[in-house]
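In what follows, a single structure is set out as structure tokens and then discussed.
The values are calculated or read from the model by the stated rules, or taken from the named source; none is laboratory data. Quick caveat: nothing in here was measured; it's all calculated off a predicted structure. Please note: Cβ atoms are built from the backbone with ideal geometry, for glycine as well, and neighbour counts cover all protein chains shown.
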């Protein structure tokens, strides 16, 4: 796992090691997943900046890790069905808060649909049975972004999630309130956009290597 910390970045200042990609829009669809209603408002700062579309479950389907058996599976399968609308192939998946767990499950169960995984301030009970095994099944390059309002902020959950994913990267945005995708949307979007483009480049290299070895 790689990690980085961003401290009160200047407007227009992208993460140093990926700055050239800050203005390049991803070629694949960007889909923001939400646990319930209000997805458009929740991800208002990402829709235009990332060229994203928001998805929320239909009536009767909600995401609740403590809910009845099968409820979470229904949410994941509903999200998977929605991703079939992505004409450009696998999509970049963005989720935050409690919906992060559903996004992780989606990436583990339907890897062919996920180009990269962006998790903002994930709220996950890491003690849930099978969670660690689910993390290990995620193969998509994954970026976990955590807001740290102060030096005493507990970032153990997002850090452990990034560490549990094979291709996980962990970023802390200091001096900002949770959720970072709203309180420091400019920095969040720059990290996300740059990571998505890196993920697309990695897939291109892998596909080329596979073609040559075939």
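Some points to look at:
- Pick from the stretch 127-149, criterion part of a loop (DSSP other than H, G, I, E, B) and at pLDDT 95 or above, ranking: farthest from residue 101 (Cα to Cα): 149
- Answer residue from the stretch 82-126, given it is in a strand (DSSP E or B) and on the phi > 0 side of the Ramachandran plot and is modelled with the lowest pLDDT among those: 97
- Of the residues making up the stretch 55-81, those that are at pLDDT 90 or above and either surrounded by fewer than 19 Cβ atoms within 10 Å (Cβ to Cβ) or out of contact with any helix residue (DSSP H, G or I) (no Cβ under 8 Å at 6 or more places or on another chain) (or both) number 4.
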